[in-house]
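Take a look at the structure set out below.
The values are calculated or read from the model by the stated rules, or taken from the named source; none is laboratory data. Source: prediction; values computed, not measured. So basically every Cβ, Gly included, is an ideal-geometry build from the backbone, and we count neighbours across all protein chains shown.
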Amino acid sequence: MSLKVGELNSNLPQGATDNIAEAWTNHKFDMKLVNPANKRKFDVIVVGTGLAGSSAAATMAELGYNVKVFTYNDSPRRAHSIAAQGGINGAKNYQNDGDSVHRLFYDTVKGGDFRSREANVHRLAEVSVDIIDQATAQGVPFARDYGGLLDNRSFGGAQVSRTFYARGQTGQQLLLGAYSALMRQVGAGTVELHTRTEMLDLVVHDGAARGIVVRDLVTGEVTSHSAHAVVLATGGYGNVYYLSTNAMMCNVTAAWRAHRRGALFANPCYTQIHPTCIPSSDEFQSKLTLMSESLRNDGRIWVPDAFEESRSAADVPESDRDYYLERKYPAFGNLVPRDVASRNAKTVVDQGKGVGPMKNGVYLDFADAIGRLGEDSIREKYGNLFDMYERITGEDPYKQPMRIYPATHYTMGGLWVDYELQSNVPGLFCVGEANFSDHGANRLGASALMQGLADGYFVLPYTIGNYLADQLGDAPMNSNDAAFGAVEAEVQDRTNRWLATNGTKSVDYYHRELGKLVWNYIGMERDENGLEKAISEIPALKAEYYKNVRVLGSGESLNQSLEKAGRVADFFELAELKARDALAREESCGGHFRVEHQDAEGEADRDDENFQHVAAWEWTGEDNVQNRHKEELEFNYVKPSKRSYK
Ligand SMILES: Cc1cc2nc3c(=O)[nH]c(=O)nc-3n(C[C@H](O)[C@H](O)[C@H](O)COP(=O)(O)OP(=O)(O)OC[C@H]3O[C@@H](n4cnc5c(N)ncnc54)[C@H](O)[C@@H]3O)c2cc1C
């Protein structure tokens, strides 16, 4: 199998296998630099203004590069990152409870079920401490303890407290910090900001990324933009499941279009299903709400012992309750990692022990914590989450347990990138949730904000210089060039086709039907039979979608169903690839649980001999099965072992 552009070379730094603690420092020294006066000669496009995009754009502009930023949101502050609640990890060891860079590295490699690159994860753990300093200096109001130091709480998969937080609004506060830094550069004229503008394609010419084609969501105008390098910071694609905790607009289009132009797509089957979401309340719901993992610090998860229990929670005595996580995993209890907590919730609900009107939840109970710490203390830590829960369910969680159930939350898969965060298409970089790096088969809580900001503030600003240094003296391609014109025409054709289809069913109808297939066959548990069904049913539904979707309105004004039509079309292709990836991965690891591969206790059964690799898929054309490439993973510091939280 041949690669179309670039090579699958992870460009590991010297020392990755025998001196990991120094590898990033040495690599920074080895990389080429662009001197301050020359930085002004380079243009960089950044798509996305979440934590990853805003931090990357602000930092590169501060360094002196000319940066053009694009977002489909009406303000950078509306990026999905604003929704992050619980916190951000940093190996500061303020608690003096045994944390260190090495322990964060160890926990993350193990938490990812030994399916991530050691060198990347070590770098992430190293720069985690700088992120906290950077955010604090920007004025991010992290919670403080009684002595004035920054406070920490625990998240799943760790036995230390290393999660920094700003009540239940950590993402919002961090984004305000990154946004302020970004807007300072907009004011200084080093960042050109394009809001309400959607990237609909990537332009690759002579084997390198040259720019993007975008559509103005208000006027419908399609235009081209060129640069020396393109950075995608376009977030995750959990909405392929239709119901998820992601913002409604999150989608895969930017990454998928880059994939179709030659960028490899890695590990699409790794999805994180978060254990603590509010269960759905009817068939027509369009969004699920997360209750932050931080709640598992003080909440205890249980179900009644009896099947089809009809008593209210308060009337079920202790002796008739099953605190199943504490029983099965005494060492980590309610703070087992997300994949483990989610699967266990599914098991008890499938057994018929679910609670709530639709019997589709488990309890998250704060009675003990309120008794021990007092209601005021719980309110101080989680007040906004409790209020949100009450507004949505009409139930008061100070008085009765919350009901929770797993929901799609985060996508570990994404565009394949090397150690420098560059895809196999030279000049195309990818940061934040949109890339596949760092989290392996399962992301630990509070590590996404850490990774997005690590990429944006501390990694990409260095590594992009290593690429650009070689382009000194080259002007970016002219965006009037025929290569751009051809892509613009394709974008325009695709937009027009949705308006012309004139079918009978809405885009949302097909998205919901697709979501059901993805959830049922590629959800918390997968098996061969279901995956085969997904591989045949998804293309059939896609074919119907192309013939029968109905998009009203015009292409010359704001038209949200037109925007969504293209995104759902890309979800169809991604969904099929997810199923193929899950089928090919004949093992269970992290968020990928194959029913055929479990041990006697029902835990994930990894196959290191055959699957200790990243699967990176290559687009091979419309209606063709894609090529699966492998990046073998080596573990020299954290020896693969059976992940146990008992
Ligand atoms: C409810 C919730 C709570 C969470 N809580 C936590 C937490 O406590 N701790 C933690 O570590 N993680 C948490 N996460 C995960 C974390 O929030 C995300 O992984 C992270 O914020 C992603 O940041 P990002 O910058 O990569 O992408 P995003 O914040 O999703 O930003 C994507 C950007 O790309 C733009 N974009 C996308 N496609 C296009 C396009 N085609 N054209 C133009 N612009 C485009 C969007 O406009 C947006 O600006 C949570 C996730 C959810 C859903």
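A few comments on the model shown:
- For the residues GLU192, GLU198, the requirement of being in contact with a strand residue (DSSP E or B) (Cβ under 7 Å, 6 or more places away or on another chain), farther than 30 Å from SER506 by Cβ and either of a type outside the set (Val, Ile, Thr) or more than 9 Å from the ligand (Cβ to nearest atom) (or both) singles out GLU192.
- Subset of the range 430-454 (residues that are modelled with pLDDT of 95 or more and away from the ligand (no atom under 13 Å from the Cβ)): GLY440, ALA441
- Residues within the range 301-349 that are acidic (Asp, Glu), over 16 Å from ILE273 (Cα atoms) and part of a helix (DSSP H, G or I), tallied: 4
- If you go through the range 102-150 and keep only what is closer than 15 Å to LEU174 by Cα and part of a helix (DSSP H, G or I), you end up with SER128, VAL129, ASP130, ILE131, ILE132, ASP133, GLN134, ALA135, THR136, ALA137, GLN138.
- Cβ-Cβ under 7 Å pairs, at least 6 apart or on other chains, the range 192-208 side over 20 Å from SER561 (Cβ atoms) and in the same structural domain as ASP43 (by TED's automatic domain parsing), far side of a type in the set (Gly, Ala, Ser) and within 11 Å of the ligand (Cβ to nearest atom): THR195/SER75; LEU202/ALA258
- Annotation: of all residues in the range 37-58 being surrounded by fewer than 24 Cβ atoms within 10 Å (Cβ to Cβ) and assigned to a helix (DSSP H, G or I), the one that is nearest to the chain's Cα centre (by Cα) is LYS39.
- Each residue in the range 543-560 was checked for being surrounded by 20 or more Cβ atoms within 10 Å (Cβ to Cβ) and in a helix (DSSP H, G or I), and 1 of them qualify.
- Residue check, ALA91 crowded, with 22+ Cβ neighbours inside 10 Å, part of a loop (DSSP other than H, G, I, E, B), modelled with pLDDT of 95 or more and among the hydrophobic types (A, V, I, L, M, F, W, C): yes
- Taking each residue of the range 604-620 that is assigned to a helix (DSSP H, G or I) and looking for partners that are exposed (fewer than 15 other Cβ atoms within 10 Å of the Cβ) and at pLDDT 95 or above with beta-carbon atoms closer than 8 Å, six or more apart or interchain, yields ASN610/GLU586; PHE611/GLU586.
Let's see how each residue does on (1) without any contact (Cβ under 8 Å) to a residue 40 or more places away in the chain; (2) among the aromatic types (Phe, Trp, Tyr); (3) under 15 Å from ASP527 (Cα atoms):
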{"position": "ALA579", "(1), (2), (3)": "no, no, yes"}
{"position": "LEU583", "(1), (2), (3)": "no, no, yes"}
{"position": "GLU586", "(1), (2), (3)": "yes, no, yes"}
{"position": "HIS592", "(1), (2), (3)": "no, no, yes"}
{"position": "VAL595", "(1), (2), (3)": "no, no, yes"}
{"position": "ALA600", "(1), (2), (3)": "yes, no, no"}
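- Filtering the range 232-245 to residues that are buried (at least 24 other Cβ atoms within 10 Å of the Cβ) and more than 9 Å from the ligand (Cβ to nearest atom) leaves TYR237, ASN239, VAL240, TYR241, TYR242.
- Residues being away from the ligand (no atom under 11 Å from the Cβ) and touching a residue at least 60 places away in the same chain (Cβ under 8 Å) - total across the range 283-294: 1
- The one condition in (1) surrounded by 22 or more Cβ atoms within 10 Å (Cβ to Cβ); (2) under 24 Å from CYS250 (Cα atoms); (3) at pLDDT 90 or above; (4) assigned by TED's automatic domain parsing to the domain that holds THR393 that VAL303 fails to fulfil: (2)
- The set of residues in the range 180-223 that are in a helix (DSSP H, G or I) and either of a type in the set (Val, Ile, Thr) or surrounded by 24 or more Cβ atoms within 10 Å (Cβ to Cβ) (or both) comprises LEU182, VAL186.
- Unique residue being basic (Lys, Arg) and closer than 20 Å to ASN152 by Cα when the list is LYS381, LYS346, LYS353: LYS381
- Number of positions in the range 51-75 that are near the ligand (Cβ under 8 Å from one of its atoms) and closer than 23 Å to THR223 by Cα: 6
- Matching residues in the range 455-490 - criterion: being within 16 Å of the ligand (Cβ to nearest atom), among the aliphatic types (A, V, I, L, M) and in the same structural domain as VAL67 (by TED's automatic domain parsing): VAL459, LEU460
- Considering the range 224-252, the residues that are assigned to a loop (DSSP other than H, G, I, E, B) and of a type in the set (Phe, Trp, Tyr) include one that is nearest to LEU514 (Cα to Cα), namely TYR242.
- Condition broken by ALA534, with the remaining ones in (1) exposed (fewer than 14 other Cβ atoms within 10 Å of the Cβ); (2) in contact with a helix residue (DSSP H, G or I) (Cβ under 8 Å, 6 or more places away or on another chain); (3) of a type in the set (A, V, I, L, M) satisfied: (1)
- Scanning the range 246-265 for residues that are β-branched (Val, Ile, Thr) and either buried (at least 24 other Cβ atoms within 10 Å of the Cβ) or more than 7 Å from the ligand (Cβ to nearest atom) (or both) returns a single hit, VAL252.
- Conditions (1) more than 25 Å from ARG210 (Cα to Cα); (2) free of Cβ contacts under 8 Å to residues at least 60 places away in the same chain: number failed by ASP18: (2)
- Filtering the range 361-384 to residues that are in a loop (DSSP other than H, G, I, E, B) and over 16 Å from GLU326 (Cα atoms) leaves only GLY374.
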